[in-house]
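Below is one structure, written out as structure tokens; the observations come after it.
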Amino acid sequence: MSETIQRETEVSSGETLVDVENLKTYYEDGGLLSDEPVKAVDDVTLHIERGETLGLVGESGCGKTTLGRTLVQLESATAGTVEFDGTDVTKLSGSELKNWRRNAQIVFQDPESSLNDRMTVGEIIREPLDVHDWKSPRERRQRVRELLETVGLREEHYYRYPHQFSGGQRQRVGIARALALSPEFIVLDEPVSALDVSVQAKILNLLEELQNEFGLTYLFIAHDLSVVRHICDRVAVMYLGNIMEVGPAEELFADPANPYTHALLSAIPEADPQSDKERITLRGTPPSPRDPPTGCPFSTRCPAKIRPEKYRDTDDELWERIEVFREVLRERDRAERSLSERARALIGMDTRFSDVDEMHEELFGDVAVPPSIQEQLDAVEEHLRDNDEAGAIDLLREEFGSECDTETPAHHEVSAAGRTSLCHRHKDEHEEPAEFFTHTVFGEQ
């Protein structure tokens with residue numbers, strides 16, 4: 001088998017197999033001082049065509065695995081629908097759900113922890129056949145031997161245990177287990193990220209060969225964008241539980257539309273050490289999925305965020321400091337204060353939330369602040385001295401916020417191929433993200 005990753009001719013039929021509408025998966029385990037749910041998947045809408053590979057990319061913790069697990073009903077949806085061949089599987093239960101599971105399987109990220117070390121490889125692959133009472137025991141054993149050969153293992157491996165195999169071989173066992181019941185749809189949850197680079201290409205080629213042979217449909221979750229570009233027909237970019245952009249892989253990589261996609265793709269390393277490629281560096285970390293931003297999910301880190309009209313000409317460095325100030329206050333406001341800190345605040349004692357002057361000096365001490373802006377900052381800091389973080393945040397949003405902070409953007413169609421992007425900048429009255437980055441980050445070409 002060649003170790004070079006070659007993308008075969010597109011096998012998608014154009015017929016929708018998996019149709020996801022307004023899907024939400026929340027975890028309702030509130031903390032001691034907060035009862036807000038973790039919004040792991042937040043209003044996702046997408047479709048997967050029969051026979052295609054849809055890539056799902058994004059930062060760690062953005063909800064990729066939860067979305068994949070929800071599609072195969074290993075997690076329960078809070079709201080929305082997942083239609084598989086016209087059937088809403090979120091409504092299935094009992095024997096109906098069990099019967100449906102024949103059609104949808106998952107290959108897990110870690111081949112070490114996803115296989116039971118107390119079972120032989122044959123028993124592991126045979127388990128789905130046993131659970132579904134597939135034919136006779138003799139036919140099941142024969143089916144397992146056929147599957148071992150299909151994934152590039154040998155018949156004598158039947159009686160060996162997982163610890164006797166390499167990482168790549170263990171992942172082949174996981175793939176064989178997923179194929180046991182001849183499913184139509186398989187979620188591949190970072191199937192090669194735990195493997196050596198020398199083994200990754202072999203597994204990826206195996207997955208492509210199996211797709212071509214059995215007409216499989218894949219959701220391919222990954223961090224390695226170069227791999228995604230090679231093997232996926234379409235790509236969905238995820239951030240904080242939301243799909244930011246989705247469309248044909250080559251088109252998305254060649255001409256990204258969403259600001260987050262621009263930032264993500266700019267992080268792909270260049271093989272040329274002399275390359276002067278500019279990288280879009282995002283400030284801070286993603287917000288907590290327990291407390292996502294009110295407007296656009298990317299608004300707290302977006303380098304192309306729309307400014308209010310009267311601040312369009314404000315110095316870029318000063319504006320960046322203001323945005324950092326806003327995010328610091330968001331973090332402070334949602335930080336769970338200890339009971340002793342709450343008591344200290346009630347009786348007027350200093351707390352770790354009282355360092356207003358120090359924070360002002362650190363953020364604005366070395367930049368020129370116009371009087372009109374300084375007046376607004378003074379009012380904000382007065383709220384902070386009164387331990388009113390919420391009031392300070394509201395004042396900052398009213399003065400320096402835009403539609404990015406207050407309105408959830410729509411999914412705008414950005415190409416003839418049906419690619420969509422979640423961003424206010426696609427409205428006619430605004431500059432497109434690509435144009436914005438051309439004269440800011442990348443410079444005029």
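Remarks
- For segment 71-91, a residue qualifies if it is of a type in the set (Val, Ile, Thr) and either at positive phi or not in a helix (DSSP H, G or I) (or both), and the qualifying residues are Val72, Thr78, Thr81, Val82, Thr87.
- Among the residues of segment 32-62, those that are of a type in the set (Asp, Glu) and in a strand (DSSP E or B) comprise Asp42, Asp43, Glu49.
- Within segment 413-428, tally of residues that are under 21 Å from the mean Cα position of the chain (by Cα), at negative phi and in contact (Cβ under 8 Å) with a residue 40 or more places away in the chain: 7
- Annotation: of all residues in segment 120-168 being farther than 24 Å from Ser193 by Cα and under 33 Å from the mean Cα position of the chain (by Cα), the one that is surrounded by the most Cβ atoms within 10 Å (Cβ to Cβ) is Arg126.
- Answer residue from segment 402-420, given it is in a loop (DSSP other than H, G, I, E, B) and not hydrophobic (A, V, I, L, M, F, W, C) and is farthest from Val235 (Cα to Cα) among those: Ser402
- Single match in Ala79, Ala104 (criterion: assigned by TED's automatic domain parsing to the domain that holds Gln211, buried (at least 23 other Cβ atoms within 10 Å of the Cβ) and out of contact with any Leu (no Cβ under 6 Å at 6 or more places or on another chain)): Ala104
- Qualifying position, being assigned by TED's automatic domain parsing to the domain that holds Gly58 and crowded, with 18+ Cβ neighbours inside 10 Å, among Glu208, Glu250, Glu213: Glu208
- Residue list for segment 272-287, restricted to those being surrounded by 15 or more Cβ atoms within 10 Å (Cβ to Cβ) and without any contact (Cβ under 8 Å) to a residue 60 or more places away in the chain: Leu282, Pro287
Let's see how each residue does on (1) within 16 Å of Pro183 (Cα to Cα); (2) assigned by TED's automatic domain parsing to the domain that holds Asp196; (3) at pLDDT below 95:
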| residue | (1), (2), (3) |
| --- | --- |
| Arg7 | no, no, yes |
| Val20 | no, yes, no |
| Glu36 | no, yes, yes |
| Glu96 | yes, yes, no |
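- Filtered residue count, segment 49-65, keeping only those that are surrounded by 23 or more Cβ atoms within 10 Å (Cβ to Cβ) and polar (S, T, N, Q): 1
The values are calculated or read from the model by the stated rules, or taken from the named source; none is laboratory data. As the structure is a prediction and not an experimental result, all values here were calculated from the model. Note that we place each Cβ from the backbone using ideal geometry, even for glycine, and neighbour counts take in every protein chain shown.
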